[in-house]
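Here the structure comes first, spelled out in structure tokens, and everything after it is commentary.
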Amino acid sequence: MAINPSEIPREVERAIDKMPPISPIIGKVNQIAHEIETCPKELVKIIMLDPVLTGKVIRLVNSSFYGVAERVQSLPQAVILLGVNTVKNLAVSTALLSTVSVKQKNSPLSSEDFWKHCLASAVGCRLLGQSLKVPEEELGIYFVAGLLHDIGKVLFIKISPDRYKKVIDESRKFGVSLAFSEMAHFGCSHTHAGGLLARKWRLDDSLVTAIEAHHFPRQSGKALMNKVVAIINNLCKQSGFGESGNPLTEEMFADHVSSLDLSSETLIRIAGQLPAEINKASEFLNIVQEHKI
Amino acid sequence: MKLRFWGTRGSIPSPGPSTVKYGGNTACLQLTGENSECIILDAGTGIRLLGLALMETHKSLPPIHLLITHTHWDHIQGFPFFVPCYIAGAKIAVKGPVHFQEGKTLQSIFDVQMQYDFFPVSNAQLKADISYETLDETLFEIGGIQVNTRFSNHPIRSLAYRFEENGKTVVYTGDHEPYYNLFETKEGSGSEDDDLLFGSAGSTVDSANDRFVDFIRGADLLVIDCQYTPDEYPALRRGFGHSSWDYCLDWMKASETQKMVLTHHDPTRTDEALDRMYDDICMAAKEKGLDPERIILAREGQEISV
């Protein structure tokens, strides 16, 4: 039976309804992550916009890793004892990790590798946006677009990790695109499902488009951001930053690269900056796993 | 116990004619107890001379325990010039804290300092038997001396050390700034919500500062970070991770410390400026009912016994 990609399979629809809301601080994460001096009050207020995140940060601060002698019960207390930067890094990492977590029994993608791919894409989109002279205030949305571009895969893994394993295996075995294999097993692609989830979360239209179009960037809306996400997604795959389950790396969108007047040096420079960010992230993941948070 | 100062300066070495009296090398102290083991506190540039002295006075080197308060440059930069590192058979146990979330070990930080871009000999090429151990708040023993550690307040994770032997106590704070209320606003400027959110911050600060005073309580000798004057701190230098002498005096009184040595001198402070600062300290000490003779400024080469 032919599947109409515009129809939303019911199980995908149900999975979207069950997804927890995205952290309300996700849009601010990029902003605070790149500030040299964050106002302590502002930091606490931003984290507290998300009660789940607040709870996680306090639990982490009380883990043996931080070795704080007295029991920390509030964010202001954590900031006084550990400093603004430590609490900021902790909150930023926790918020990003919770958003793109595929931690689930039988998940065909390792949590750590998938997170690395998403984080590398987020940082890469920000860096490429910067190179392309995107105004500072818009770089936050580039970061979030990179982070969330594969969010549709999180949905599929939540629906059926075993079936998504088949998607990946068949895509590898037959050399077909992941989207094609997803269509066969879930009735839509991760770009489509991710776009639907982004709409449900009421994310900015430009983010919805970037998620939907990251394999086939459209010349509509914020065309520049779509191209950036597509290029960085490929750069991360080709450079081996993390793992998104997609065996195919599309051509480097030569026309986009040339239309943006990008030199290979720029892309190489960006690729060179990513490992440090990823290492930092994977260390944090180790802490979270060790302390079962 | 005997304590000798090999480096008294904070931040960066400051050699020259204006720092001859108090010294220009960065943080390094040597603690000697009843046994022959050698305890070194911090590896600022002062450790170079200490290494040479050890080579001169010992036919065979004693076990060396290098306790690092934290890994900022002025506390580790002398390590590559510490001659015992190059002696086969020398045993050096390096211990200290590592700042969280950076995914580093104490050894990897020392390795980086000696990578080829910065220094011609790598850490792996050193001939001594060097071990590394990351410390948190803990209690251990070195040749009969009880060592207790406590976190201090500094931009990266830092430890203060307390040493006890035969009923005598020496405390070295490393770099430390009083815990302070980061959420304080000028009176009347905060909203009711702010009061609710940050109202208890003051008591967190008080209890963290009390905990620090408890750690130094009853010290026979307290070596304390005193980089700033009250004119500089808190007005200009809050958040830099160092204290000013007025706080040190208050802590000395509150902790009933017998003798206090102020160290980690600011690199801009000349001998003359330190002498002037000392006069101010003595005056303030008298006003607080403290005996100025029990307070001294650390000088390179100085030795104090307790």
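The values are calculated or read from the model by the stated rules, or taken from the named source; none is laboratory data. All figures in this text were calculated on a predicted structure; none of them were measured in a lab. Positions of Cβ are generated from backbone atoms using ideal geometry, with glycine treated the same way; all protein chains shown enter the neighbour counts. Areas reflect the complete protein model, heavy atoms only, side chains present, ligands, DNA and RNA absent. Shrake-Rupley method; radii C 1.70, N 1.55, O 1.52, S 1.80 Å.
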Can you pull out every residue in the range B:190-239 that is among the aromatic types (Phe, Trp, Tyr) and at pLDDT 95 or above? B:212, B:215, B:228, B:233
Among B:210, B:231, which is the only one that is over 24 Å from residue B:270 (Cα atoms) and open to solvent by 40 Å² or more (accessible area, probe 1.4 Å)? B:210
What about residue B:98, is it part of a loop (DSSP other than H, G, I, E, B), within 14 Å of chain A (Cβ to nearest Cβ) and farther than 23 Å from residue B:265 by Cα? yes
Applying the selection to the range A:47-61, what residues are β-branched (Val, Ile, Thr) and in contact (Cβ under 8 Å) with a residue 24 or more places away in the chain? A:47, A:52, A:57, A:61
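Here's the yes/no breakdown for (1) within 14 Å of chain B (Cβ to nearest Cβ); (2) over 24 Å from residue A:158 (Cα atoms); (3) part of a helix (DSSP H, G or I); (4) in contact (Cβ under 8 Å) with a residue 24 or more places away in the chain:
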site	(1), (2), (3), (4)
A:63	yes, yes, no, yes
A:68	yes, yes, no, no
A:78	yes, yes, yes, no
A:91	yes, yes, yes, yes
A:96	yes, no, yes, yes
A:107	no, no, no, yes
A:114	no, no, yes, yes
A:122	no, no, yes, yes
A:127	no, yes, yes, yes
So residue A:22 clears everything in (1) touching a Ser or Thr at 6+ places or on another chain (Cβ under 7 Å); (2) within 11 Å of chain B (Cβ to nearest Cβ) except one condition, right? Which one? (2)
If you go through the range A:80-89 one residue at a time, how many are facing another protein chain (nearest Cβ under 7 Å) and open to solvent by 30 Å² or more (accessible area, probe 1.4 Å)? 2
Could you figure out which of (1) buried (at least 23 other Cβ atoms within 10 Å of the Cβ); (2) touching a Ser or Thr at 6+ places or on another chain (Cβ under 6 Å) isn't true of residue A:207? (2)
Are there any strands (runs of 3 or more DSSP E) wholly within the range B:117-220 with 2 or more residues that are within 14 Å of chain A (Cβ to nearest Cβ) and within 30 Å of residue A:46 (Cβ to Cβ), and if so which? B:145-152
Criterion violated by residue A:101 - all others in (1) within 20 Å of the chain's Cα centre (by Cα); (2) within 30 Å of residue B:180 (Cβ to Cβ) satisfied: (2)
Here is a check on your reading of the model: is residue A:43 modelled with pLDDT of 90 or more, open to solvent by less than 30 Å² (accessible area, probe 1.4 Å) and over 19 Å from residue A:152 (Cβ atoms)? yes
Hits in the range B:92-110 - residues which are surrounded by fewer than 16 Cβ atoms within 10 Å (Cβ to Cβ) and either among the β-branched types (Val, Ile, Thr) or at pLDDT 95 or above (or both): B:105
Considering the range B:268-282 alone, what residues qualify as being surrounded by 16 or more Cβ atoms within 10 Å (Cβ to Cβ) and not in a helix (DSSP H, G or I)? B:269, B:270
With the condition kept exactly as written, say whether any residue in the range B:245-253 is open to solvent by 20 Å² or more (accessible area, probe 1.4 Å), touching a helix residue (DSSP H, G or I) at 6+ places or on another chain (Cβ under 7 Å), within 30 Å of residue B:15 (Cα to Cα) and at pLDDT 95 or above. yes
If a residue has to be surrounded by fewer than 21 Cβ atoms within 10 Å (Cβ to Cβ), modelled with pLDDT of 95 or more and more than 16 Å from residue B:211 (Cβ to Cβ) to count, how many in the range B:145-165 make the cut? 4
